[in-house]
Amino acid sequence: MKRIGILTSGGDSPGMNAAIRAATRYAIYYDMEVYGIRKGYEGLIDGEFEKLDRRSVADIMQHGGTFLRTARSERFITEEGMAKAARNLETFKINDLIVIGGNGSLTGAHILSQNHGINVMGLPGTIDRDLAYTDHTIGFDTALNTVLDAITRVRDTSSAHERTTVIEVMGRHCGDIALYAGLTGGAEYVLVPEFETDINDICQKIIEGVNAGKLHSIIIRAEGYPVSSTELVRQLEERTDREVKLVVLSYLQRGGSPTYRDRMFATECAVKAVELIRDGVRNRAIGEKCGEVRDFDIGEALQIKHEFRHDIYNAVDILSR
Ligand code: F6P
């Protein structure tokens, strides 16, 4: 009987539990044994394996976070750490591993497959949407809706006080949360690591808005943008001579009940991964392209570079005038 392992790694994201649930129940349906590995690659190194059954994954799909827990692992990127992880998998007679995580986690999975022959299936579990091989990542939609809710609340009070508000969002080195939330939240400006912005342009936009009767301005700053949020607020206040407030959403974007979109995508990716394992296919990254869930060679997938959507960036400006 085939045994598979499942782990979640790196920053958690809403929808991870839906993926774990679907992978576990489909694997059991296909007569496989399933082992959950706690705390990502740290648990893989420490041998924190737990046999899962259908009931193990009951009542988790609607919760954010990951019931297997997660971690970032410095040890896993060492030869010794990865070798210990591989030995643990061998001890448990697990040759197939589903890894749910972001760029770093899937890269680690790929190296584990290359150096130790483990068959890996990578699912894109991150709110950042920084895996260029896929149009969606598990958690991105839920995080976007959390940011949109925050923008709506901030707009109310910014209008009441006729203020400018900078909202800082996550995304690490990727600006997609800022870009897509900024467009659909009606922000006046988005600041992303992929694109250098002249602060005078932002100030001019704010003043033009005031002169046109706008009661507020919302600036969405991705955390990877090179000028810090506090420095940005200071410069905007100084140059526009207007009140500027700062809201840092931080870990709010990582929690919450996953949306339909993230639950469905997570489920489809997980089922695809289990069926690829069933069919003896090896070392794939699962994702979505043009609305279809597909699988890609994991090495090739991780080489694809993220393309910045200048059209979306320009639309934010046009639509907020
Ligand atoms: O990768 C997801 C993410 O939320 C990033 O957007 C953010 O920069 C990072 O994780 C924070 O990492 P940690 O949870 O380790 O502080």
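Values quoted throughout were computed directly from the atomic coordinates according to the rules given, and no laboratory measurement underlies them. Note that this is a predicted model, so its numbers are computed, not measured. Cβ: placed from backbone, ideal geometry, glycine included. Neighbour counts: every protein chain shown.
Just a few scattered comments:
- For the stretch 112-123, 3J(HN,Hα) per residue [Karplus equation, 6.51 cos²θ - 1.76 cosθ + 1.60, θ = phi - 60°, Hz, x = Gly/Pro]: 4, 5, 5, 8, 10, x, 6, 7, 10, 10, x, 9
- Dipole axis of the stretch 141-254 (+1 Lys, Arg; -1 Asp, Glu on Cβ), positive-most option in GLN235, VAL247, ILE177: VAL247
- For the stretch 1-74 and the stretch 211-288, distance of Cα centres in Å: 24 Å
- Structure remark: mean-square fluctuation, Gaussian network model of the chain, C-alpha springs under 10 Å; the largest value among GLY43, GLY15, GLY291 belongs to GLY291.
- A Cβ-based charge dipole, computed about the Cα centre of the stretch 141-254 with Lys and Arg at +1 and Asp and Glu at -1, lands at about 300 debye.
- Cα-Cα over 19 Å, subset of LYS2/LYS272; LYS205/LYS245; LYS2/LYS39; LYS84/LYS272: LYS2/LYS39; LYS84/LYS272
- Relative to the longest principal axis of the Cα atoms of the chain, helix 199-211 runs at roughly 60 degrees.
- Between helix 16-29 and the chain there is an angle of about 20 degrees, using the helix long axis and the longest principal axis of the Cα atoms.
- Just checking the listed ones, GLU275, GLU48, GLU208: in the Gaussian network model of the chain with Cα springs under 10 Å, the one fluctuating most is GLU208.
- For the chain, DSSP calls about 25 percent of its internal beta bridges antiparallel.
- Note, ³J(HN,Hα) from phi for the stretch 174-185, Karplus 6.51, -1.76, 1.60, rounded to Hz, x at Gly and Pro: 10, x, 5, 4, 4, 5, 6, 6, x, 5, 7, x
- Charge-dipole axis of the stretch 119-198 as Lys and Arg at +1 and Asp and Glu at -1 on Cβ define it, positive-most pick from LEU191, SER159, THR134: SER159
- Folded to 0 to 90 degrees: helix 310-319 orientation relative to the chain principal axis, Cα: 40 degrees
- Within the chain, helix-based [θ] at 222 nm, where runs of 4 or more DSSP H residues each add -39,500 (n - 2.57), nearest 500: -13500 deg cm²/dmol
- Prolate/oblate/rounded label for the chain (Cα gyration tensor, a/c 1.5): prolate
- Cα pair distances in the stretch 167-263, grouped into 10 Å bins until the bin that holds the longest one, percent each: 15, 47, 28, 9, 1
- Computed over the chain with a Gaussian network model linking Cα atoms closer than 10 Å, the most mobile of ALA22, ALA85, ALA58 is ALA58.
- Approximating the spin labels as points 7 Å out from Cα along Cα→Cβ, the LYS289-to-ILE304 distance works out to 0.5 nm.
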